[in-house]
Amino acid sequence: MVSVVSETPSTPDTPLTPLIELQGIRKRYGGRAARGEAQPPEVEVLHGIDLAIHAGEYVAIMGASGSGKSTLMHVLGCLDRPSDGVYRFNGHDVATLDADELAWLRREAFGFVFQGYHLIATESARENVEVPAIYAGLSEAARTARSTALLTRLGLADKQHNRPNQLSGGQQQRVSIARALMNGGQIILADEPTGALDTKSGADVMRLLRELADAGHTLIVITHDRNVAAQARRVIEIRDGRIVGDTGAGASAGAGAGVRSAAGSASDPSATHTTAAPAHPALAVPDIAHARTQGHTGASLWADLREAARTAWRGMRLNRSRTGLTLLGIVIGVASVIVMLAVGEGARQKVVAELGTMGTTIMYLGSRPPSTGGPRGILTEDDLEAVRALPEIGHVMPVIGDPITVRYGRADKQMYVMAASHIMPKVHHWQVAQGRYYTDAEDRDLAPVAVIGSKTHAHFFPDDPNPLGRQLLIGNSPFEIIGVMQERGADSGAQDYDDMVFIPYDSGRARVYQAQTEPDYVVVEAASSDLVQAAETAMKNVLRARHGREDFGVGNAAARLQAEAATRSAMTMMLGLIAAVSLVVGGIGVMNVMLMTVRERTREIGIRMATGARQRDILRQFLTEATLLTFVGGTIGVVAGLAIGTVLRLSGVPVVFAVSAMAGAFLCAVATGLIFGYMPAKTAARLDPVVALAGE
Ligand code: ADP
Ligand code: MG
C-alpha cells in the first residue's frame, strides 16, 4: 500500500522561517497594449500584500468576488509573477528562479485545486492524476500504483478510466485533489474548490481538505463563502486587494488539530509574523537548493518520449476528423508530387528512349523539286562523296526501299525490302540477333544475301527458330538468309523496321531495283549529336553549291526529337511546379491545423505547466505530435503516390518513379509539420501558466 503522504523523511526547518512570506506584493494588470488593441488602462489589483504562512497551517483566504483572491493565489502558487514586492518561499526569493526552477517548485511543493477543476479533457481520471508525476520522472509502475491508491482513497476506484466529461463535478474535483497530492502536495492551493459543486459534493470536498490539513499538509483555501472559510484554522480576509482581517497564525499553526478560528472575528494583521511550529514530520518542504539542480533535469529522455508519443497518439485518435483532414493535406501533397514527377519523368524518358533507338544523329536526305519550280534534282554518287567528305558528317548511307513481293515456298507477302550498305546496323544502332550482317565485300560482289527483321522471321518461319540458309525469293531473285535482326519494337516513325528485309545496296540495285537510277533517300549521320544542326547546314551548303539550287530536302528527325525532349522536360518542370504548389497547400493545411491545435489546447498547456511541466516538456509533446502526424501522413502519401503511379503505369502511361522526389516530398511534409507544430507550441509554452490556464 502506498502512502498518500510524502514518504521522504522530513528535515526540520528553522521554525522562524515561514514557508511562504509575502512582502509588499502588488499586482497590476493592463498598461501594456495587447496586439492590435488599444492600450488598456493599468489597474492595480493587489495593493501591497504582507503575509506569512507557516508549514502545516490551514488558511482560508476570504473575500468578495473581484477582491483579488485568485490573483493572490496565482502569485502564491508561482503561476504568475507579482508586479512588485518580494515573495520568499522557505526563505528563498522566488524572483531569482528561472522558468524551469519555478516549474520544479510547482511540481514538488504545490498542488492546485481549481474551481473549474482544470482536468485535461482527453485523458482519463487516472492519467490526469498522474500528470504531475510524469514531469517529476516517476516510473510508470510507481505512478500507476500511487494514482490508483489516491483515487481509491478518494472513493473513485471504479472511475479511474473515465474521462472528465464522464464524471460528475464532485468527482472531477476529487480527481483534481488526487492530482494535487500526486507529487506529495505539501502545499495545497484551492481556489473556490466548492464553488461549482452542490452542497453534498462541496461538503465531501471540504471534509477531504480537512483530513489533509490534519495529516499535516499546508492548505490555502480561497473562498467567498463564510461557511467554507469557517472550516479553516486561520481566516484571512481580503477586500479590494488589501488584507483587512487575519485571525492570526500564532494560535493555529502547527497545532495540528482543534484550533479553529471563528471566521472574521479576529483581525490583527500584526499576528502574521508570529513564529510557527515545524511542518508535520511526514511532510518535507522541498529545498529550493534542489531546484537549481533538479529543475533542469526530469524524467529520462526515453520515458519522456514514450509519454509524448502516447499523448500524441491519443490526441490523434480523439480528434479523428481533424487528424484525418491534416493527414489528407499531407497525403495529397506528397502523393501528387510523386505522381506528377513520375509522369513527367516517364514522358521525358520515353522521348529519350526514342532518341536512342532512332539515333540522335540521323538525318534523311532526298531529292525533290525546288520550291521555285522546275524538275527534281538527282543525288549522284559524287554528291554523296562530297557530303561524306564534310568534317561534320559521319556516315552517309544511300537507301533504296520499296514494297516488293517476297516469297518463301508457297507463302508470299508484300514487304518493304531495304537495299542499304553494310553500315545499316551501325547507323541505326541496331544489332543482329542470329547469324551475321552482310559485309562490304559481299556488297561489292553483288552477293545474293539477305538479313530479315524479327516479324519477317515470324511470318515466313513461324515454327522454325533458325531460318539461316533458307532462300527467299525477292521479286524474281533468290536471296539466302544469313542473319535475323534483333526485335526493334515500335519506332515513332511510320515504318516498322521489324517487318523488313535488308539486302546489300549494290546487289539490290543489280538484282531487284534495276530500274532505279538514284537512291530513294540517303541516311546521313552527323559526326556527333551536338553537330546535327551544323551537319545539316554544311550538307545543304555543299549540295546547293553543286546543284546551283535547292532541289533536295533534309529531314532532321534528331533535331525534331531533341526539341521534343526539351518540351517534355519543360512539361516535367511544370508538373513538378504544380506538385510543389499542392505540397505547399498541403503544408498550409498542416500549419493551420497545428496552429488550431495549440490554440485549442492552450488551457491544457496551462494545466500541464501548473502541475510542473517545463517549457521543454510542452515543446517535446507538441513536436512529437507533429512528427507523428507528418510521418504517418508522409508515409501514406508515399504509398498512395506509388499506388496511383502503378495504376497509371498499368494503364499504359509511362511512369518513372524518382526516389529523390519521394524523399523530397516526404521531408518537406515533415519539415512543414515540425516547423508549424513547433512555433505555436513554443509561443504557448512561453506563456505564464495563468495566462495559458485562462486560454480557450
Ligand atoms: P477574485 O478571485 O477575488 O474574484 P480576481 O483575483 O480574479 O478576483 O480578480 C481581481 C480583479 O482583477 C478583478 O477586478 C478582475 O477584473 C481583475 N483582473 C483579474 N485578472 C485580470 C487580467 N488578466 N487583466 C485585467 N484585470 C484582471
Ligand atoms: Mg477568483
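Among the protein heavy atoms of the stretch 600-642, carbon and sulfur supply 72% of the accessible surface, probe 1.4 Å, non-protein parts ignored. Computed in the context of the full set of protein chains, the accessible area of the stretch 362-560 at 1.4 Å probe radius has 50% of its extent on carbon or sulfur. Counting heavy atoms of the protein chains alone, LEU138 has an accessible area of about 70 Å² for a 1.4 Å probe. Along the charge dipole of the chain, Cβ charges K/R +1 and D/E -1, which of CYS668, TYR58, VAL94 sits furthest on the positive end? Positive-most Cα among the choices belongs to TYR58.
Between the listed residues THR537, LEU365, GLY216, the Cα displaced farthest toward the positive end of the dipole of the chain, a dipole computed from Cβ unit charges relative to the Cα centre, is found at GLY216. Within a Cβ distance under 9 Å of LYS69, other residues only, what is the Lys/Arg minus Asp/Glu net charge? Its environment carries a net charge of -2.
Need one word for the stretch 78-232: rounded, prolate or oblate. Basis is the Cα gyration tensor (sqrt eigenvalues a ≥ b ≥ c); a/c below 1.5 gives rounded, then a/b vs b/c decides. Oblate, since a/c reaches 1.5 and b/c is not below a/b. Taking a ≥ b ≥ c as the square roots of the eigenvalues of the Cα gyration tensor of the chain, is the shape rounded (a/c under 1.5), prolate (a/b larger than b/c) or oblate? In terms of gyration-tensor shape, prolate.
Rank these residues by their accessible area, most exposed first, probe 1.4 Å: ARG179, ARG242, ARG511.
Values: ARG179 10, ARG242 125, ARG511 80 Å².
Accessible-area ranking of ARG179, ARG242, ARG511, largest first: ARG242, ARG511, ARG179.
Rolling a 1.4 angstrom probe over the protein heavy atoms with all chains in place gives the chain an accessible area of 43 Å² per residue. The label-point distance for ALA643 and ASP84, in a model that sets each label 7 Å from Cα toward Cβ, rounds to 6.7 nm. For the set MET62, MET596, MET662, the ranking by accessible area, highest first and with no ligand, DNA or RNA atoms included, is MET596, MET662, MET62 under a 1.4 Å probe.
Once the Cβ-Cβ distance between SER477 and TYR364 is put in as r, and R0 is 30 Å, what FRET efficiency do you end up with, to the nearest 0.05? Step by step, r from the Cβ atoms, then E = 0.65. If the segment from ARG207 to ILE404 were pulled out straight at 0.36 nm per residue, it would be longer than the present Cα-Cα gap by 59.7 nm. Other residues within the sphere of radius under 11 Å centred on the Cβ of HIS395, judged by their own Cβ, net out at +1 (K and R +1, D and E -1). The lysines whose alpha-carbon is closer than 25 Å to the alpha-carbon of LYS27, local same-chain residues fewer than 8 away aside, are LYS69.
I'd like the FRET efficiency for ILE378 and LYS540, computed as 1/(1 + (r/R0)^6) with the beta carbon distance as r and R0 of 22 Å, rounded to 0.05. Once the sixth-power term is evaluated, E becomes 0.85.
Within the stretch 322-342, name every residue whose backbone N is under 18 Å away from a label modeled 7 Å from Cα of MET571 along the Cβ vector. Within reach of a label on MET571: 337-342.
With the simple spin-label model, which puts each label point 7 Å out from Cα in the Cβ direction, the ALA145 to VAL244 separation comes to 5.1 nm. Each Lys and Arg contributes +1 and each Asp and Glu -1, all at the Cβ; summed about the Cα centre of the stretch 155-252, the dipole is approximately 120 debye. Remark: the stretch 157-169, residue by residue, has Karplus-estimated 3J(HN,Hα) of 3, 8, 10, 4, 9, 6, 8, x, 6, 9, 10, 6, x Hz, where x stands for each Gly or Pro and the curve is 6.51 cos²θ - 1.76 cosθ + 1.60 at θ = phi - 60°. Between ARG306 and GLN39, the modelled label-to-label distance comes to 5.3 nm, taking each label 7 Å out from Cα in the direction of the beta carbon.
When only the Cβ of Lys, Arg, Asp and Glu is charged (+1, +1, -1, -1), the dipole of the chain relative to its Cα centre reaches about 1900 debye. Heavy-atom accessible area for ASP84, with the other protein chains in place and a 1.4 Å probe, reaches approximately 70 Å². With unit charges on the beta carbons (Lys and Arg positive, Asp and Glu negative) and the dipole taken about the Cα centre of the chain, which residue among LEU189, GLY346, ALA125 sits farthest to the positive side? Farthest towards the positive pole: LEU189.
Using the Cβ of ALA526 as centre and a radius below 11 Å, the other residues enclosed give a net charge of -4, where K and R count +1 and D and E count -1. Each Cα pair under 8 Å and six or more residues apart adds its sequence gap; the mean of these over the residue count of the chain is a relative contact order of 17 percent.
Using the Cβ-Cβ distance between VAL581 and LEU650 with R0 = 41 Å, the FRET efficiency computed as 1/(1 + (r/R0)^6) comes to roughly 0.90. In this Cβ point-charge picture (+1 for Lys and Arg, -1 for Asp and Glu), the stretch 362-560 has a dipole of about 280 debye about its Cα centre. Of the trypsin sites (Lys or Arg not before Pro) found in the stretch 386-491, those that fall in a DSSP loop while having at most 14 other beta-carbon atoms within 10 Å are ARG410, ARG436.
The values are calculated or read from the model by the stated rules, or taken from the named source; none is laboratory data. None of the values given here were measured: they were computed from a predicted structure. All Cβ positions, glycine included, derive from the backbone under ideal geometry; neighbour counts span all protein chains shown. Note: accessible area is taken over every heavy atom of the protein model, side chains too, but ligands, DNA and RNA are not part of it. Shrake-Rupley method; radii C 1.70, N 1.55, O 1.52, S 1.80 Å.
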